[in-house]
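Below is one structure; the comments refer to it alone.
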Amino acid sequence: MTTTHDAEEDARNREILIWVDGALVHRDDAKVSVYDSGFMLGDGMWEGMRLYDGEWAFFDAHMDRLFGSLKAVRLDIGMGPEDIRDLLDRTAEANGMTGDAHCRLMITRGIKDKPFQHPKLSRRGPTVVAIVEHSKPAKALGQGIRLASVPQVRGLPHAQDAKFNSHSKLNCVIACLQAEDAGADEALMLDPHGFVNTTNACNFFIVRRGEVWTSTGDYCMNGVTRANVIQLCRDEGIVVREKNYSLYEAYSADEAFLTGTFGAQTPVRSIDGRDLGEGAGPVTRRLRAAYAKLVERNVADQKAARGR
């Protein structure tokens, strides 16, 4: 079984230092309280970022999403984007990393006085953790992954808005289990109206007759890589449509791929047993090449802005 986050084994990760509330500690000693609101309730937000040549790709876009989410749930962490950049840089430097590294930044409302849900019980916090690992996507991802459509959906915004990159991921875990039961690698989730939406871990795209289609975005994570790919299509003269479409169109697509910070563009080889071919198709390959150049430009721009 292959997942969109499969990475090559790297023994160095057994000895990494992890940022926990202002201190760098060995991974074996990196702990949070059982009273932490993230552990207890999933009350927190996270971001995944990749390190290229010493810079966190598309850092500003990730911070816009993170701080927008924190504001929406009234979680004031007493830090700004540059404070976040500093702690990430310090963590990467402590681990000798300049590239081929992936970060999971996690912020919760902090430690609660009592084991109940009211936010006012979180009186010590926030909790800020950054795990930065040596990380290269596994070669098997290049062959594509198998998706299964599942009963679990991404819900309506007034239930739990999928645009929150929150610690509360149970719906996605359930979807992943349903896909596993169907013999697939990951889940293709529909929206509340039955249209194709996203997977349990990444945003989803199909290619039909040279056009690139993705969901409306109303019920899925507003992925940074998703937005970059949509803009790249426009820049490359590829027709891109954010629209409602059904499994019928997905089953009969010429290509399909997933977008995410870790794997960039991961090909899909089948959906519910319908074969889409092994590996990336021509449009996916073209977008991969354009995305690699976009990363290079973004990293160069960040270095210039920082005088590096």
**Item:** Flag if residue 149 is touching a strand residue (DSSP E or B) at 6+ places or on another chain (Cβ under 9 Å), within 29 Å of residue 51 (Cα to Cα) and touching a residue at least 24 places away in the same chain (Cβ under 8 Å)
**Value:** no
**Prompt:** So is residue 188 over 16 Å from the mean Cα position of the chain (by Cα) and crowded, with 18+ Cβ neighbours inside 10 Å or not?
**Reply:** no
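Rundown of residues vs (1) under 19 Å from residue 46 (Cα atoms); (2) surrounded by fewer than 14 Cβ atoms within 10 Å (Cβ to Cβ), yes/no style:
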position	(1), (2)
83	yes, yes
86	yes, yes
89	yes, no
99	no, no
102	yes, no
115	no, yes
118	no, yes
**Asked** From the list 50, 12, which one is out of contact with any Asp or Glu (no Cβ under 6 Å at 6 or more places or on another chain), in contact (Cβ under 8 Å) with a residue 24 or more places away in the chain and loosely packed, with under 13 Cβ neighbours inside 10 Å?
**Response** 12
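Values quoted throughout were computed directly from the atomic coordinates according to the rules given, and no laboratory measurement underlies them. Not measured: the values here are computed from a predicted model. FYI the Cβ positions are ideal-geometry reconstructions off the backbone, even for glycines, and counts take in every protein chain you see.
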